[in-house]
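Trainee: The structure under discussion is supplied below as structure tokens; questions concerning it will follow.
Throughout, read-outs are computed from the coordinates displayed, never taken from laboratory work. Note that the structure is a prediction, hence the values are computed from the model and not measured. As a convention, Cβ positions derive from the backbone with ideal geometry for all residues, glycine included, and neighbour counts pool all protein chains shown.
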Amino acid sequence: MSGPRIVYNEGYLDEQTKRVVRRALLKGVAIPGFQVPFASREVPMPRGWGTGGVQVTASIIGPDDTLKVIDQGADDTTNAVSIRAFFEKVAGAASTTRTDEATIIQTRHRIPETPLTDNQIMVYQVPIPEPLRFLEPRETETRRLHALEEYGLMYVKLYEDIARYGHIAKTYDYPVLVNNRYVMAPSPIPSFDNPKMHQSPALQLFGAGREKRIYAIPPYTDVESLGFDDYPFEPQRFEQPCEICESTEVYLDEVLIDDQGGVMFVCSDTDHCERTLTARELDQSNTDQSNTDQSSTDPITDHITDPLTEVNA
Amino acid sequence: MNDETPLLSVTGASHRYGERYGCRDVSFDLWPGEVLAVVGESGSGKSTLLGMLAQRLALDEGRIRYRTARQHGAGADGAAEELLDLSTLSEREVRRLWRTDWGFVHQNAADGLRMHVSAGGNVGEPLMANGWRHFGQIRAEAEEWLRRVEIPTDRMDDAPTLFSGGMRQRVQVARNLVFGPRLVFMDEPTSGLDVSVQARLLDLIRSLVSELGLAVVIVTHDLAVARLISHRTLVMKDGFVIESGLTDRVLDDPQAAYTQLLVSSILQG
């Protein structure tokens with residue numbers, strides 16, 4: 001016996017709600033970096049899991065779209081998989097893990113390594129949209145500071161970092177100045193990704209479900225990371241290449257591989273890592289015809305010693 | 001700049017708390033470099049007057065004019081300074097005055113400082129608010145000012161929560177003078193400190209004020225403070241100014257009965 005059939009509206013949210021969100025998005029695009037309040041609705045996931053991003057995606061997605069969801073750079077984590085499945089079900093959209101095939105990329109924590117194009121939309125899940133929050137707790141006051149363009153306070157935070165640590169210690173959610181006007185929190189992406197927002201050809205939308213704010217960066221907009229003249233913004237750097245695909249100039253995750261404290265550094269962007277690896281292996285098999293040994297299935301698990309086999313051995 | 005014009009001109013200023021007047025019909029002019037003490041018993045309207053001058057309380061009657069140049073409009077930079085009614089200024093202009101022209105030293109340092117930001121950060125904040133974007137310069141300036149208020153340089157990166165009351169008050173003074181204001185409001189800056197610390201802070205304020213040529217409005221209930229640092233004194237009672245004049249004249253030859261009482265009630269050592 002089959003259960004009762006539930007028919008959802010396309011994109012899950014009802015049409016009125018989608019209009020509310022789209023109106024907020026349009027205002028956000030018109031005033032780059034400005035936080036537009038909106039009536040955040042319930043979606044079938046807990047607040048703090050990306051409800052803002054899901055509402056933005058739900059309002060812009062259609063059956064022609066191809067959705068990619070990134071969680072900490074990975075496409076295969078629980079949240080990413082279930083959000084992808086959710087939109088396949090309620091919007092009839094296709095989904096992909098490949099950055100270059102996606103039209104909408106919803107993300108938490110990362111901007112893909114593959115350069116974005118002008119027919120793509122980035123949707124960020126934002127936990128705390130107010131960059132001044134921990135310096136000035138009053139929302140009435142922070143809105144006034146934004147309105148009057150008084151951003152001295154933001155620099156106090158940077159000053160404190162340099163005075164204490166000798167450099168700006170903030171490595172994620174690093175504040176940016178959008179279009180030379182509004183200071184904006186770019187959601188908890190690593191400062192490594194900050195330069196990718198500058199003059200990006202893709203439209204960038206930010207949704208904060210719990211805090212009920214939407215903001216946006218239109219394509220080809222100036223996004224400047226804050227800094228002092230003598231201590232300018234510096235993105236994080238990594239000395240070693242990815243241990244799987246050997247890419248350099250990418251953001252790396254530290255992965256524990258045994259209980260002896262062994263670690264390896266691998267690409268945080270799983271799609272980039274896989275494609276680089278495949279391309280390299282193809283290259284190798286082209287040059288070296290005899291190489292037919294392609295046993296590797298999952299690069300990380302290959303490196304992990306199975307505790308059971310050790311015990312059995 | 002015209003020395004014939006006062007820096008601050010107050011006429012018939014009143015503030016009401018509901019039906020009651022907190023302070024009524026106060027008029028005075030303040031000139032550049034002048035220190036004005038407002039004395040009176042508690043509840044006499046001193047702090048209400050200061051709140052009104054500092055735009056923290058609404059002005060219900062009268063007007064307050066301040067000598068400044070309009071920032072926007074014809075010839076913004078070269079615009080002549082004129083006495084402008086504060087009620088005609090936009091919020092943006094008033095906040096600009098707070099950043100560039102006015103300081104406010106609170107009675108309780110915790111109200112005027114960010115208690116969890118280092119002393120250097122506290123002193124540097126007004127500079128950053130005024131657009132300084134060079135860490136080395138901000139830090140050097142903050143260090144210089146902390147030195148001037150006698151905070152040891154090695155305490156620069158400590159938060160005011162770790163400071164004594166007197167040190168906090170001195171950090172607050174530095175924070176309010178670092179951007180070179182022309183007018184500083186002080187609300188009982190020395191009460192709550194013990195006598196020797198009070199004396200040192202007053203001495204410091206007096207020397208900085210004369211060195212920088214600041215105009216100061218200082219509210220105090222302590223006649224000794226008024227005597228020590230002010231040129232002119234207003235005596236307030238029940239919301240009215242009952243006597244005003246040169247400090248020495250008011251304290252040596254009080255005319256109003258209440259002032260006589262106030263002067264004679266000072267404990268003689």
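Trainee: If you place +1 on the Cβ of every Lys and Arg, -1 on the Cβ of every Asp and Glu, and leave all else neutral, what size is the dipole of the protein assembly as shown about its Cα centre, to the nearest 20 Debye?
Mentor: The dipole magnitude comes to about 2680 debye.
Trainee: Return the FRET efficiency for the residue pair A:ASN179, B:ARG249: r is the Cβ-Cβ distance, R0 is 56 Å, and the value is rounded to the nearest 0.05.
Mentor: 0.40
Trainee: Could you name the lysines in cross-link range of A:LYS89, using Cα to Cα under 18 Å and dropping any fewer than eight places away on the same chain?
Mentor: A:LYS18, A:LYS68
Trainee: Next up: For Cα pairs less than 8 Å apart in space and 6+ apart in sequence, what is the mean separation divided by the residue count of chain A, i.e. the relative contact order in percent?
Mentor: Dividing the mean separation by the residue count of chain A yields 19 percent.
Trainee: Over chain B, what is the relative contact order in percent, taking alpha-carbon pairs closer than 8 angstrom and at least six residues apart?
Mentor: Worked out over chain B, it gives 25 percent.
Trainee: According to the square roots a ≥ b ≥ c of the eigenvalues of the Cα gyration tensor, what is the shape class of chain A, taking rounded for a/c under 1.5, prolate for a/b larger than b/c otherwise, and oblate for the remainder?
Mentor: Since a/c reaches 1.5 but b/c is at least a/b, the shape of chain A is classed as oblate.
Trainee: Looking at segment A:119-177, which chymotrypsin sites (Phe, Trp or Tyr not before Pro) are in a loop (DSSP not H, G, I, E or B) and have at most 13 other Cβ atoms within 10 Å?
Mentor: Answer by residue number: A:PHE134.
Trainee: Could you list the GluC sites (Glu not before Pro) in segment A:6-91 that lie in coil according to DSSP, counting only those with at most 12 other Cβ atoms within 10 Å of their Cβ?
Mentor: Within segment A:6-91, the qualifying GluC sites (Glu not before Pro) (loop, at most 12 other Cβ atoms within 10 Å) are A:GLU42.
Trainee: Please check: in the Gaussian network model of chain A (C-alpha springs, under 10 Å), which one of A:PRO129, A:PRO235, A:PRO44 has the largest mean-square fluctuation.
Mentor: Comparing A:PRO129, A:PRO235, A:PRO44 in the GNM, the peak value goes to A:PRO44.
Trainee: Quick one: putting +1 on the C-beta of Lys and Arg, -1 on the C-beta of Asp and Glu, what dipole do you get for chain B around its Cα centre, in Debye to the nearest 20?
Mentor: Once rounded to the nearest 20, the dipole reads 520 debye.
Trainee: Test of understanding: ordering B:TRP145, B:TRP98 by Cβ neighbours within 10 Å, fewest first, what list do you get?
Mentor: Details: B:TRP145 25, B:TRP98 17.
By the 10 Å Cβ count, ascending, the order reads B:TRP98, B:TRP145.
Trainee: Taking the Cβ of each residue in A:LYS68, A:LYS18 as the centre, tally the other Cβ atoms inside 10 Å and list the residues starting with the fewest.
Mentor: If I rank by nearby Cβ atoms, fewest first, I get A:LYS18, A:LYS68.
Trainee: Test of understanding: what is the full-extension gain from A:ARG47 to A:GLN260, defined as 0.36 nm times their sequence separation minus their Cα-Cα distance?
Mentor: Once the chain is fully extended between A:ARG47 and A:GLN260, it gains 73.0 nm.
Trainee: Determine the sum of side-chain charges near A:TYR159: Lys and Arg each +1, Asp and Glu each -1, restricted to other residues whose C-beta is under 11 angstrom from that of A:TYR159.
Mentor: 0
Trainee: To continue, here is another question. Can you give the FRET efficiency for A:THR171 and A:ARG98, using 1/(1 + (r/R0)^6), R0 = 35 Å, r = Cβ-Cβ distance, to the nearest 0.05?
Mentor: Result of the calculation: an efficiency of 0.80.
Trainee: I would also like to ask the following. Within segment A:244-283, report the GluC sites (Glu not before Pro) that DSSP leaves as loop and that have at most 16 other Cβ atoms within 10 Å.
Mentor: Listed in order of number, the matching sites are A:GLU246, A:GLU249.
Trainee: If contacts are Cα pairs under 8 angstrom and at least 6 residues apart, what is the relative contact order of segment A:164-292 in percent?
Mentor: Over segment A:164-292, the number comes to 17 percent.
Trainee: In the neighborhood of A:SER40, defined by Cβ-to-Cβ distances under 12 Å, what is the net charge if each Lys or Arg adds +1 and each Asp or Glu adds -1?
Mentor: +3
Trainee: Take A:THR77, project a point 7 Å from its Cα along the Cβ direction, then tell me which residues of segment A:113-138 have their backbone nitrogen under 20 Å from it.
Mentor: A:113-114, A:122-129
Trainee: For A:LYS170, which lysines qualify as cross-link partners when the Cα separation must be under 16 Å and same-chain residues fewer than eight apart are set aside?
Mentor: A:LYS157
Trainee: Of B:PHE163, B:HIS106, A:PRO137, which is farthest along the charge dipole of the protein assembly as shown in the positive direction, counting Lys and Arg as +1 and Asp and Glu as -1 at C-beta?
Mentor: B:HIS106
Trainee: Starting from the Cα of B:ARG133, step 7 Å along the direction of its Cβ; do the same at B:SER207; then give the gap between the two resulting points in nm.
Mentor: It works out to 3.7 nm between the two label points.
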